[in-house]
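To keep things clear, I will list the structure first and then write my remarks on it.
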Amino acid sequence: EKERIEKALKKLVESGRVEIEVLSNATRRELRRAFRKFKPHILHFSGHGVLNQDGEGTLLLVGDDGNSVEVDADDLMVLLRSSSVKLVVLSACETAAVDEEAKVRGENPAILGVAPRLVWDGVPAVVGMQFAVPEATAIQFMQDLYEFLADGEPLDAAVTEARIGAYFDDDEN
């Protein structure tokens, strides 16, 4: 995914208009330090997202001991509130999940995933995955998303085109 995104943004990186900082296997501390030093406008997370038994969505980062550690929307907002981030891209399953059973009952779905919680808390734009998505599909979606953004397309159009590509390019459909 990292290589595909770098390829999609290559012209902007070469022109100095975009700078990419990659944190492989980031801990909470490394992420906080990167925010302070790098001051990103886009936070792109590629990893695992889960809905806990209490229904709260979390991302999994690497703990200081090497095991996974959960980071929820409240944790992320501590970093994001004082940052220059305008877009959060979550390439992780169930990060845009909502309570589907509430929809069936005719009720407003509860905000469960990390993405809707971040929007609720004031992040201007968040892209997430509502369900589990095959890795190859997610990688292609992200490449398409960044290619369209690099071409100057607005975020909603870039997401739409990337979704079309994810569906149309899949030989299984």
Do we find that residue 76 is farther than 21 Å from residue 133 by Cβ, touching a helix residue (DSSP H, G or I) at 6+ places or on another chain (Cβ under 8 Å) and assigned to a helix (DSSP H, G or I) in this structure?
no
Looking only at segment 57-76, which residues are surrounded by fewer than 17 Cβ atoms within 10 Å (Cβ to Cβ) and touching a Leu at 6+ places or on another chain (Cβ under 7 Å)?
68, 69, 70
Checked against (1) loosely packed, with under 12 Cβ neighbours inside 10 Å; (2) outside any loop (DSSP other than H, G, I, E, B), residue 16 satisfies every condition except (2)
Filter segment 85-104 for residues that are small (Gly, Ala, Ser) and touching a Phe, Trp or Tyr at 6+ places or on another chain (Cβ under 9 Å); the one that is modelled with the lowest pLDDT is 97
Note on segment 153-165: residues open to solvent by 60 Å² or more (accessible area, probe 1.4 Å) and more than 16 Å from the chain's Cα centre (by Cα) are 153, 154, 161, 164
Could you grab the pairs with beta carbons closer than 8 Å, sequence gap of 6+ or different chains, first residue in segment 73-98 and without any contact (Cβ under 8 Å) to a residue 40 or more places away in the chain, second one of a type in the set (Gly, Ala, Ser) and surrounded by fewer than 17 Cβ atoms within 10 Å (Cβ to Cβ)?
98/110
Consider residue 69 against the criteria (1) touching a residue at least 24 places away in the same chain (Cβ under 8 Å); (2) outside any strand (DSSP E or B): it satisfies all of them except one. Which criterion is unmet?
(2)
Quick one: how many residues across segment 118-150 are charged (D, E, K, R), open to solvent by less than 40 Å² (accessible area, probe 1.4 Å) and either at pLDDT below 90 or in a loop (DSSP other than H, G, I, E, B) (or both)?
0
Within segment 25-56, the count of residues that are assigned to a loop (DSSP other than H, G, I, E, B), open to solvent by 50 Å² or more (accessible area, probe 1.4 Å) and modelled with pLDDT of 90 or more comes to 2
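The values are calculated or read from the model by the stated rules, or taken from the named source; none is laboratory data. None of the values given here were measured: they were computed from a predicted structure. Please note: Cβ atoms are built from the backbone with ideal geometry, for glycine as well, and neighbour counts cover all protein chains shown. With ligands, DNA and RNA removed, areas are computed over all heavy atoms of the protein, side chains included. Shrake-Rupley method; radii C 1.70, N 1.55, O 1.52, S 1.80 Å.
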